[in-house]
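J.: One structure coming up, written as structure tokens, with questions to follow.
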Amino acid sequence: MGITVEGLGYYTPQKVLTNFDLEKMVDTSDEWIITRTGIRERRLAEESLVEMAYRASLKALEDASLKPEDIDLIILATLTPDLSFPASACLLQAKLGAESAFAFDISAACSGFLYGLEVAGGMLSSGRVKRVLLVGAERLSQIVDWTDRSTCVLFGDGAGAVLLSGEGEGELLASLMRSDGNYWEILYAERCGHIKMKGKELFKLAVRSMAEVCEEVLQRAGVSVEEVDLVVPHQANIRIVEALAERLGIPMEKIYSNIYRYGNTSAASIPIALCEAKQEGRLKRGDLLLLTAMGGGLTWGASLLRF
Ligand code: UT7
């Protein structure tokens, strides 16, 4: 399926919360957080979710040398919208002045960006739209319980955006999205409530489920693990990423991680990581790129792209 990433952009808030700051807030230590998660610091938003999404989108538009009126569809993946309704995607559409676009949100927690990519791919390949702005944005600091050390050290805020076109050299070679609502209580937040998580159970499920879909996607595409140039997984815990790499038989040099800077930014984590990987020269045109995520729902998936 033809799908080319024409532009990428991300935005993270200025305010940094370090592990040392957290030591003053809950009974934790920099050492525990780094060794158990790989996180050193995370960003906290003073701005709204839509503002973060807007700034990331402007950068993606600039990167693609496109204007807001070139966008036909805006998909925004988030679990922390500013309002219950309307969709944050509509507020983003208005702020951008993307008058030709229709816009909606996707709620699939940490897998939201990959679910969005799946929907965008279908819309582009059917020819119904020419260009999609896909955004992952989160303001998780709003729903974190800052007195719960088992969750508050993990999450952060930010936004990443990609402009996708059905024309060009890029391709979505294979993808597989999964959900299992039977496990919803492992990771959830009640309306206006805080994030609740069974970390240990989730850890094991995350490694197993992401490894399974990655293997299936590679098999469907007829691509060997060795041919993959870069894996950009959802950034939840560096130990999950390492365990995934081991299960897939992929060296850590081929895996991109920026978790130490931002923590877990849920739907924003993959697009932010994609932008940074490209900026750092780790991701180039023509590369075989494997994306995978897992999160609340439970939802999980993997997508293999020719970038
Ligand atoms: O984005 C969606 C996907 N998210 C995930 O996949 C998250 C998956 N889970 C995890 O990343 C890990 O399970 C955590 C990082 C959440 C926890 O790591 P763990 O190695 O599973 O630790 P644990 O929950 O088994 O806790 C070990 C100990 C406990 O103390 P005891 O019972 O051994 O005395 C906890 O109370 O560490 C304690 N602990 C802490 N200590 C210091 C828990 N949180 C902290 C903390 N600082 N922040």
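The values are calculated or read from the model by the stated rules, or taken from the named source; none is laboratory data. Keep in mind that what you see is a predicted model, and the values were worked out from it rather than measured. Counting neighbours? That spans all protein chains shown, and the Cβs are built from the backbone with ideal geometry, glycine included. Only protein heavy atoms, including side chains, enter the accessible area calculation; ligands, DNA and RNA are left aside. Shrake-Rupley method; radii C 1.70, N 1.55, O 1.52, S 1.80 Å.
J.: Which helices, counted as full DSSP H runs in the chain, have an axial Cα extent of no less than 27 Å and a Kyte-Doolittle average of -1.0 or above?
T.: Working: long enough: 199-221 (32 Å, 0.05).
In the chain, the long hydrophobic H runs are 199-221.
J.: What FRET efficiency, computed as 1/(1 + (r/R0)^6) with R0 = 45 Å and r the Cβ-Cβ distance, is obtained for Lys204 and Ser65, rounded to the nearest 0.05?
T.: Details: r = 45 Å, r/R0 = 0.99.
Computed FRET efficiency for Lys204 and Ser65 comes out at 0.50.
J.: Between region 221-251 and region 9-44, how many Å separate their Cα centres?
T.: Region 221-251 and region 9-44 have Cα centres separated by 25 Å.
J.: Taking the alpha-carbon distance from Lys95 and a cut-off under 25 Å, which lysines remain once sequence neighbours fewer than 8 residues away in the same chain are dropped?
T.: Excluding near neighbours in sequence, the set is Lys15, Lys59, Lys67, Lys130.
J.: Just subtract the alpha-carbon distance of Arg128 and Glu246 from 0.36 nm times their residue separation and send over the number in nm, one decimal.
T.: Extending this stretch completely gives an extra 38.5 nm.
J.: Let me have the relative contact order for region 35-143, percent, based on Cα pairs under 8 Å that are six or more residues apart.
T.: After rounding, I find 35 percent.
J.: Going by Cα centres, region 54-68 and region 198-220 are how many Å apart?
T.: 33 Å
J.: Still on this model: In deg cm²/dmol and to the nearest 500, what is the mean residue ellipticity at 222 nm of the chain if only DSSP H runs of at least 4 residues count, each as -39500 (n - 2.57), divided by the residue total? Please report the intermediate quantities before stating the final value.
T.: On the way: 10 runs with 105 residues, N = 307.
Helix-only estimate at 222 nm: -10000 deg cm²/dmol.
J.: Related question: Which whole-number percentage describes the relative contact order of the chain, with Cα contacts under 8 Å and a sequence gap of 6 or more?
T.: Relative contact order comes out at 26 percent.
J.: Further question: Among Glu118, Glu31, Glu226, determine the one that fluctuates most according to a GNM of the chain built with springs between C-alpha atoms less than 10 Å apart.
T.: The residue that fluctuates most here is Glu226.
J.: So, in nm, how far is label Ser29 from label Trp146 when the simple model puts each one 7 Å beyond its Cα toward the Cβ?
T.: Going by the 7 Å Cα→Cβ label model, 2.5 nm.
J.: Provide the FRET efficiency to the nearest 0.05 for the Gln14-Glu226 pair, computing r from the beta carbons and using R0 = 41 Å.
T.: In this case the efficiency is close to 0.50.
J.: So for the pair Lys284, Phe104, with labels modelled 7 Å out along Cα→Cβ, what separation do we get in nm?
T.: Taking the two extended label points, one gets 4.0 nm.
J.: Ok, one more. Per residue, how much accessible area does region 4-165 show when a 1.4 Å probe rolls over the protein heavy atoms, in square angstrom?
T.: Result: 41 Å² of accessible area for each residue.
J.: Taking the Cα centre of the chain as the origin and placing charges on Cβ (Lys, Arg +1; Asp, Glu -1), which of Val213, Gly286, Ile33 is farthest toward the positive end of the dipole?
T.: Ile33
J.: So for the chain, taking the charge dipole from beta-carbon charges (+1 Lys/Arg, -1 Asp/Glu), which of Phe104, Val5, Leu22 sits furthest toward the positive end?
T.: Farthest towards the positive end: Leu22.
J.: If you don't mind, another one. Kindly identify the chain as rounded, prolate or oblate by the Cα gyration tensor criterion: order the square roots of the eigenvalues as a ≥ b ≥ c, call it rounded if a/c is under 1.5, otherwise compare a/b with b/c, prolate if a/b is larger, else oblate.
T.: Oblate is the answer for the chain, as a/c is 1.5 or above yet b/c matches or exceeds a/b.
J.: Hey, if we sort Phe104, Phe85, Phe155 by accessible area with the 1.4 Å probe, largest down, what's the order? Don't skip to the end; give the middle numbers.
T.: Numbers: Phe104 70, Phe85 170, Phe155 15 Å².
If we order Phe104, Phe85, Phe155 from most to least accessible, we get Phe85, Phe104, Phe155.
J.: Taking Lys254 as the anchor, which aspartates and glutamates have their alpha carbon closer than 14 Å to its alpha carbon, excluding any fewer than eight residues away along the same chain?
T.: Glu226, Glu227, Asp229, Glu242, Glu246, Glu280, Asp287
J.: Determine, for each peptide in 198-210, 44-56, the mean count of other beta carbons within 10 angstrom over its residues, then list the peptides with the highest first.
T.: Packing order, densest peptide first, comes out as 44-56, 198-210.
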